[in-house]
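Read the structure below first, then the notes.
The values are calculated or read from the model by the stated rules, or taken from the named source; none is laboratory data. A quick note: this is a predicted structure, and the numbers were derived from the prediction, not measured. Virtual Cβ from ideal backbone geometry, glycine too; neighbours counted across all protein chains shown. SASA here: full protein model, heavy atoms, side chains in, ligands and nucleic acids out. Shrake-Rupley method; radii C 1.70, N 1.55, O 1.52, S 1.80 Å.
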Amino acid sequence: MVIDNDLKQITQLILEAKEKAHQETSWEPKPEFTQSLKWPINCSIGPGLEGAIVCDTKIGYVNGSKGWLIYQGYDIFDLCAHSSFEEVSYLLFHGSLPTKDELASFKQKLNLYRNIPQTIRQLDSFNIEGMSPMASLRLGSELMRQQKGNLIEEHMQFLYPGISADEDSIPMEKKPIGEEKAIYEFESNEKESTELLDSCYQCIAGLSSIMGAIVRLRSGHLPLEPDPDLGFAANLLYMMSGKKPTPLEERVMDICLILHAEHGINASTFATMVVASTLSDIYFSVGAGIAALNGPLHGGANQQVISTLEEIKSVDNVKAWYKKLRAENGKVMGFGHRVYKAYDPRARILEPLAKLLVNDKPQMQEMYSIAKSIEAEVMEDMGNEKKIFPNVDFYSGIVYKALGIEPEYYTPIFAVSRVSGWTAHVVEYLKKNRIFRPRAIYVGDYLNEFISIEKRK
Ligand code: ACO
């Protein structure tokens, strides 16, 4: 009964957060960047490819000024309130929510692909304790590839046999000429798409088992076998900790996985797509996503949020800490976003969950209060003027900590979830694949006279 109430309360908290978001952001006028793409296009591009359009997609939509996050047409608030990570992953690939039968068969596949004892044995032969968890996860994706063997490479060539053009065969000194001539379009047949999808599912399921094994090996324990009776979120927690989670812990983890599954063409998704666009296989592509996510500008700010909260120690110290940080032009970790210039909807969901979880953890209540107090300071100082709001990383650290997860695992857990978004984008992009190849403006010298090494000064 208590459990049921907890779960109902979570749904209620998310729906309240949705209500608040909708009150604070107007649904009119119609959002930008939702028209179908017709190449070539004109767009203004800033540093870091800001403003560049790389493709059209139905998978995810982030509207930064309104604070919207939509997966395949569904509001993130509704998905978090009512669905599971498995349902959401299915949705990302297939564009519609699964029926009962479809979900059962999808879960069965994930269960099957979670079971990778050979890969885990191989992983165990490396010095996992001496490697960073992200490096180990990337190694794990490569080991999964080895298990699949070279079949995958052959498969990719077979799937897109017509592509022969490498980057140098594309004339670079001319302007883009538009879709008809520029896009290499190959439709795959059903069997081939199924094989690619299966490899994507294997990445999603396999990485969660690898994650579990990494945590176990780093804490001096033997990796555990997946439990086929547990759902994705519960199994991930079980394989990491050795304890079956409570329904509340499972539900919160599930929501965290849903929240991190997709976020448009962010750096790691783009990295994954760039590698896939060369027709490298899905495992190499996922490895690139993991590598990109490892950078502190992308994944990992939540780890730093926790260090900051621990360093501040008490709510009484927040004002002085904030004043000093601002005087030194420092950045508040977990605030601001490249796209969101409104409250990040993911932070709206995580904040009440953090509050709920610290309820029966007195030792963490001060941490939550410090976070709320920092939020108040930042919002007053920069909310209106600079549009700096909490991002997904601000409260996720507190949530993970309350679930008993060590900070070094926050970014790899992000990867375990985001792999569904990465691979869904690859599957969508490969249907109309063209190798990515932007240009640089050459600002160096040219036509220098060659001087032999003996005469160089
Ligand atoms: N604390 C203080 N000031 C900030 C912050 C912050 N967290 N974020 C932005 N600002 C200020 C900048 O100093 C800048 O001020 P100025 O106009 O006086 O120079 C202004 O707001 C605009 O900031 P930009 O850096 O241009 O914002 P941008 O959109 O390029 O950067 C970024 C976004 C990198 C996320 C930045 O906000 C930041 O460093 N935040 C802290 C790190 C963080 O939380 N990262 C996680 C992001 S979420 C994710 O990737 C999953």
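List of remarks:
- Rounded to the nearest 10 Å², the accessible area of residue 443 at probe 1.4 Å: 130 Å²
- In terms of its alpha-carbon gyration tensor, region 292-400 comes out rounded; the largest-to-smallest axis ratio a/c stays below the 1.5 threshold.
- Candidate residues 344, 78, 229: accessible-area rank, largest first, probe 1.4 Å: 229, 78, 344
- Region 259-265 - phi-based ³J(HN,Hα) in whole Hz, Karplus 6.51/-1.76/1.60, Gly and Pro as x: 4, 9, 5, 8, 7, x, 8
- Residues 377, 142, 449, sorted by accessible area with the largest first, give 449, 142, 377 [1.4 Å probe; ligands and nucleic acids excluded].
- Value of [θ]222 nm, deg cm²/dmol, for the chain, DSSP H segments ≥ 4, -39500 (n - 2.57) each, nearest 500: -17500 deg cm²/dmol
- For residue 394, neighbours were defined as the other residues whose beta-carbon sits under 14 Å from its Cβ, and their charges (Lys and Arg +1, Asp and Glu -1) total +1.
- Heavy-atom accessible surface of region 315-377: percent carbon and sulfur, 1.4 Å: 52 percent
- Relative contact order (percent, whole number), region 301-402, Cα cutoff 8 Å, 6+ residue spacing: 46 percent
- Per residue, in Å², the accessible surface of region 193-343 once ligands and nucleic acids are set aside, probe 1.4 Å: 39 Å²
- Once the C-beta distance of residue 387 and residue 118 is scaled by a Förster radius of 60 Å, the resulting FRET efficiency is 0.75 to the nearest 0.05.
- Dividing the C-alpha radius of gyration of the chain by 2.2 N^0.38 Å, with N its residue count, gives 1.03.
- Spin-label zone in region 281-299 - amide nitrogen under 18 Å from a point set 7 Å from the Cα of residue 131 along the C-beta vector: 283-295
- Neighbours of residue 293 by Cβ distance under 12 Å: Lys/Arg scored +1, Asp/Glu scored -1, total +2.
- Vicinal HN-Hα couplings computed from phi for region 330-336 (Karplus, 6.51 cos²θ - 1.76 cosθ + 1.60; Hz; Gly/Pro x): x, 9, 8, 5, x, 10, x
- Amide H within-cut-off set for residue 388, under 5 Å, with H built and near neighbours excluded: 383
- Theoretical gain in end-to-end length, residue 22 to residue 243 [0.36 nm per residue, Cα-Cα removed]: 75.7 nm
- Once C-alpha pairs closer than 8 Å and six or more residues apart are averaged by separation and normalised to the residue number of the chain, the relative contact order reads 22 percent.
- Global geometry of region 21-102, whether rounded, prolate or oblate, following the gyration tensor of its Cα atoms and the 1.5 cut on a/c: oblate
- Dipole of the chain [Lys/Arg +1, Asp/Glu -1 at C-beta], most positive-end residue of 412, 74, 320: 320
- Length released on extending from residue 34 to residue 225, taking residue separation times 0.36 nm less the Cα-Cα span: 64.4 nm
- Area of residue 103 that stays accessible when all protein chains are in place (1.4 Å probe, Å², to 10): 30 Å²
- Accessible area (Å², 1.4 Å probe, nearest 10) - residue 314: 30 Å²
- Of the residues 422, 321, the one with the largest accessible area comes first in the ranking 321, 422, computed with a 1.4 Å probe on protein heavy atoms.
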